[in-house]
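The values are calculated or read from the model by the stated rules, or taken from the named source; none is laboratory data. Bear in mind the structure is a predicted one, so any value in this text is a computation, not a measurement. Here Cβ is always computed from backbone atoms with ideal geometry, including for glycine, and neighbour counts include all displayed protein chains.
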Amino acid sequence: MNMDQARPPLPPFTRASALQKVRVAEDAWNGRDPQRVALAYTPDSLWRNRSAFPRGREEIVALLEQKWERELEYRLIKELWAFDGNRIAVRFAYEWHDATGAWFRSYGNENWEFAGNGLMAVRHASINDLAIQEEGRKFRWPLGRRPDDHPGLSDLGL
């Protein structure tokens, strides 16, 4: 597979294509495969993720490998916030636990900018973690893709 092939839907985005782009991203991240996730970004993609500033796919893969070694049983929901041209803004939440079994819900916002071929060139993420009790979890589907009938963030009051 050509690592720089087009990733539809392509900008400029419509509401339908922006919603599709958000779901495709959510599905990929829920798969927790850093190599696969990194292919959705341009080879020279620029990120801000918390206090990390990876550049390019190799650094993105390294960040994601470290992330999913720490954030166990990771389950994510993304929701479209806004879109215009080649940009999409999303809000998201994900649940995970650490090696001690302590559970967290992480909340955040992302701003995405896409190249013409549909690969993400820029990603800015702001993320905050909230400790939760295991019984307070809301994301309980089997690991992997969120089922289509599982409520989204707004439906869950998040």
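A few notes on this one:
- Residue within the range 73-84 that is under 23 Å from ASP155 (Cα atoms), free of Cβ contacts under 8 Å to residues at least 24 places away in the same chain and surrounded by fewer than 18 Cβ atoms within 10 Å (Cβ to Cβ) present: yes
- Residue match in the range 32-44 (condition: assigned to a helix (DSSP H, G or I), charged (D, E, K, R) and in contact (Cβ under 8 Å) with a residue 40 or more places away in the chain): no
- Listed by first and then second residue, the pairs with beta-carbon distance under 8 Å, at least 6 apart or on different chains, first residue in the range 47-63 and within 19 Å of ARG32 (Cα to Cα), second exposed (fewer than 15 other Cβ atoms within 10 Å of the Cβ) and among the charged types (D, E, K, R), are TRP47/ARG55; GLY56/ASP44.
- Residue match in the range 86-98 (condition: more than 18 Å from ARG140 (Cα to Cα), in a strand (DSSP E or B) and without any contact (Cβ under 8 Å) to a residue 24 or more places away in the chain): yes
- Extreme residue, surrounded by the fewest Cβ atoms within 10 Å (Cβ to Cβ), among residues of the range 1-31 that are of a type in the set (S, T, N, Q) and modelled with pLDDT under 95: ASN2
- Considering the range 119-158, the residues that are touching a Pro at 6+ places or on another chain (Cβ under 9 Å) and among the hydrophobic types (A, V, I, L, M, F, W, C) include one that is surrounded by the most Cβ atoms within 10 Å (Cβ to Cβ), namely LEU119.
- Taking the listed residues ALA25, ALA62, ALA16, the one that is under 15 Å from the mean Cα position of the chain (by Cα), in a helix (DSSP H, G or I) and more than 17 Å from ASP4 (Cβ to Cβ) is ALA25, with no other qualifying.
- Complete set of residues in the range 111-158 that are closer than 14 Å to ASN86 by Cα and not basic (Lys, Arg): ASN111, TRP112, GLU113, PHE114, ALA115, GLY116, ASN117, GLY118, LEU119, MET120, ALA121, VAL122
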